Amino acid sequence: MLNTIYLSNQAMKMVKLIGDFFTKNPETCARIECYSSPHYALTKTFAENFNIQEADSWKVFEELQKKIDEAEYVQVETANSTNKSYPVSPEEVNMLRVLTDYFAPQPKMSPASGFVGDRLESAMEAYKWFFGASEGNGEDIRESFQKLLERTQEATAFRLETLVAPETIPNPYKAVLDLLRIAAEKLNLDPGIHEMLKRPMRSIVLNIPTFMDDGTLRVFTGYRVQYNDALGPTKGGIRYHPDLTMDEVTALSAWMTWKTAVAGLPLGGGKGGIRCNPKEMSKGELERLTRGYTRALARFIGPYTDVPAPDVYTDSQTMAWMMDEYSQIVGQNTFGVVTGKPVSLGGSLGRDEATSRGLMYTVVQAAGYKGIDLKQATVVVQGYGNVGSHAARLLSDLGCRIIAVSDSKGGVYNPDGLDPKEVLQHKSQTGSVTRYPNCKTISNSELLELECDILVPAGLENQITQTNAGNIKTKIIAEGANGPVTPEADEKLYKKGIFLIPDILANSGGVIVSYFEQVQNQMNYYWSEEEVRNKLQNTITSAFKDVLAISEEYDVNMRVAAYMKALKRVSEAMIVRSEKPYTSR
Ligand code: NAD
């Protein structure tokens, strides 16, 4: 499969800085020789020139080098109206690798790198040495280098394409397969059904031509995976991210299948997205891309087939565009084709905080089971975005003391407690929870290891691993994020007596209220917020009780129990839909 990405604006600026360094009369990196190593020189100069932190400058370099190393094909776009796009030859792609490697912390291609001698000459030597390029006077190599340097300076965009073997199985999909196997063994699952559930029912790749604001045309790659629809229409978010891959979408669509099944909803699981960098696109570009994606996908989605929703870097506006485009195609208002819409356009009341409210209801159940009085309980929240900030507020409303919170920039700790609403206000004013007054500053890893009653990881995946599981000192973990605890860490935590509410249960409040949105759209009759909350509480509490009962009956941790409940529902639906058992055909 051909995966296409564009270099971010920051990475583009860095390519230009690197290119400038190798030209005869550099314009922007005149002082670069003053530093002790090329890596330090580049990142420091970049940080100074573009007014960003040095640490962020290192990250830009890492991103740039990784993407250029992985690229199979490179295309340079320019503003020149006669010839807007040049393919970069395989030799020039290798030259680009040499130029960036020169600035790596530990260069592999240019071992003698430094600031002495003719810069282009040393890059040419490195290229010949590393790639075994042709002998001769090297004039052809010099010419190619010079052409490449000119292009980097006039480039408006760098398009990188990578060939990915379709059978590649990265970690998220592997984790799905591992947990499926464990739950299948415990349930003595029909091997035929197990075989089917290892793979998605349908995977769609779409290439979406989109006009950018400057008049150039870009082709974006989009995906939609419908993993399993035995229980009902598939359901799951649409994610916009420059590094999105089909395998990631597949793993997430499997997760959605288990999540809707655990919650007892009449829905299957799906997921989709587009490889793009929404942070660098205008609203108009995003609208044209979203509408193009919807047109390409229209025949595969619908209220009774597959219902998308927002996910990373998509929101209610994205859903409004999708709904509008789809409605124009089918010739009637079809609100139920997507969920997570604005309330003025068929969205449900209570959707914004639904994931956190659902998490809060599961914490209430877990605390009851563990004999913890929530009025005395201390809470630590990692990640202070939509899920984390609402969760902190709702748990605080129950009487819990929020003693520490964090975001990507770091954490704050006060054993006497923080006011979650004030922290949110501080974050919206300053951009981060850090520097919230009267608190000790702590790192994200320190935060996870604080002594508390309830820990809510609501930021990223893979935060509690085999390495730090032994240091976790909480009684309950409620997974607000998807996959914050790795399967290897699960068993360690279970043996320590830590009660874990797994993501597919703890954060299923979002999809439960999305389902309520679908139901309201189909009735064309809307519920009060209180009605939504009551229905959410009943649905998620009953799911929690089912999972706990399985965990006790089979003596397995809550994650395996949740997978078992999901698998049981999905496989029963598959079996009753079929004439004969799957294995005896
Ligand atoms: P968000 O973007 O609103 O917030 C994410 C937060 O995590 C931000 O505060 C960010 O600064 C922080 N963060 C990022 N990197 C971090 C790091 N290294 N350490 C600590 N904090 C870090 O996202 P969200 O909607 O709150 O989603 C958070 C998680 O919950 C994601 O895993 C998402 O998939 C999952 N989730 C969200 C929903 C939902 O309805 N929003 C539903 C189910 C699952």
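The values are calculated or read from the model by the stated rules, or taken from the named source; none is laboratory data. Keep in mind that what you see is a predicted model, and the values were worked out from it rather than measured. Glycine also receives a Cβ, built like all others from the backbone with ideal geometry; neighbour counts cover every protein chain displayed. Just the protein is used for accessible areas: all its heavy atoms, side chains included, with ligands, DNA and RNA removed. Shrake-Rupley method; radii C 1.70, N 1.55, O 1.52, S 1.80 Å.
Just checking, which of GLY431, GLY399 is within 11 Å of the ligand (Cβ to nearest atom) and more than 21 Å from ASN468 (Cβ to Cβ)?
Testing whether each residue is within 11 Å of the ligand (Cβ to nearest atom) and more than 21 Å from ASN468 (Cβ to Cβ) leaves just GLY431.
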Problem - Subset of the stretch 348-382 (residues that are within 13 Å of the ligand (Cβ to nearest atom), open to solvent by less than 10 Å² (accessible area, probe 1.4 Å) and part of a loop (DSSP other than H, G, I, E, B)) - result: SER348
Problem - Any chance GLN332 is outside any loop (DSSP other than H, G, I, E, B) and either within 24 Å of THR290 (Cβ to Cβ) or at pLDDT 95 or above (or both) - result: no
Exercise for the section: Report whether or not GLN522 is open to solvent by 70 Å² or more (accessible area, probe 1.4 Å) and under 23 Å from GLY264 (Cα atoms). Expected result: yes
Exercise for the section: Confirm whether VAL330 is more than 28 Å from LYS421 (Cβ to Cβ), β-branched (Val, Ile, Thr) and within 16 Å of the ligand (Cβ to nearest atom). Expected result: no
Exercise for the section: Would you mind finding the one in LYS545, LYS568 that is in contact (Cβ under 8 Å) with a residue 12 or more places away in the chain, of a type in the set (Lys, Arg), in a helix (DSSP H, G or I) and over 27 Å from LEU394 (Cβ atoms)? Expected result: LYS568
Handout entry: Every residue from the stretch 53-78 that is open to solvent by 80 Å² or more (accessible area, probe 1.4 Å), touching a residue at least 12 places away in the same chain (Cβ under 8 Å) and not in a strand (DSSP E or B)
Key = TRP58, GLU70, GLU72
Practice task
Tell me which of these GLN317 doesn't satisfy, since it passes every other one: (1) in a helix (DSSP H, G or I); (2) open to solvent by 20 Å² or more (accessible area, probe 1.4 Å); (3) away from the ligand (no atom under 16 Å from the Cβ).
Solution key: (3)
Problem - Search result, residues across the stretch 493-541 that are farther than 28 Å from CYS452 by Cβ, away from the ligand (no atom under 16 Å from the Cβ) and of a type in the set (Ser, Thr, Tyr) - result: TYR525, TYR526, SER528
Practice task
Would you tally the residues in the stretch 242-296 being closer than 27 Å to ASP214 by Cα and in a helix (DSSP H, G or I)?
Solution key: 17
Exercise for the section: Of all residues in the stretch 248-281, count the ones that are crowded, with 24+ Cβ neighbours inside 10 Å, among the small types (Gly, Ala, Ser) and within 16 Å of MET564 (Cβ to Cβ). Expected result: 3
Problem - Every residue from the stretch 1-41 that is modelled with pLDDT of 85 or more and in a loop (DSSP other than H, G, I, E, B) - result: LEU7, SER8
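Within the group GLU552, GLU491, which residue is acidic (Asp, Glu) and over 19 Å from ALA263 (Cα atoms)?
Working: GLU552 fails: over 19 Å from ALA263 (Cα atoms).
The match here is GLU491.
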Exercise for the section: Answer yes or no: is there a residue in the stretch 488-497 that is aromatic (Phe, Trp, Tyr), farther than 16 Å from LEU359 by Cβ and out of contact with any helix residue (DSSP H, G or I) (no Cβ under 6 Å at 6 or more places or on another chain). Expected result: yes
Fill in the blank from the handout: The correct count of residues that are at pLDDT 95 or above and either open to solvent by 70 Å² or more (accessible area, probe 1.4 Å) or among the acidic types (Asp, Glu) (or both) in the stretch 187-204 is 2
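Is it fair to say GLU531 is within 18 Å of TYR361 (Cα to Cα), assigned to a helix (DSSP H, G or I) and open to solvent by 30 Å² or more (accessible area, probe 1.4 Å)?
On the way: within 18 Å of TYR361 (Cα to Cα): yes; assigned to a helix (DSSP H, G or I): yes; open to solvent by 30 Å² or more (accessible area, probe 1.4 Å): yes.
Here the answer is yes, as GLU531 does meet what is asked.
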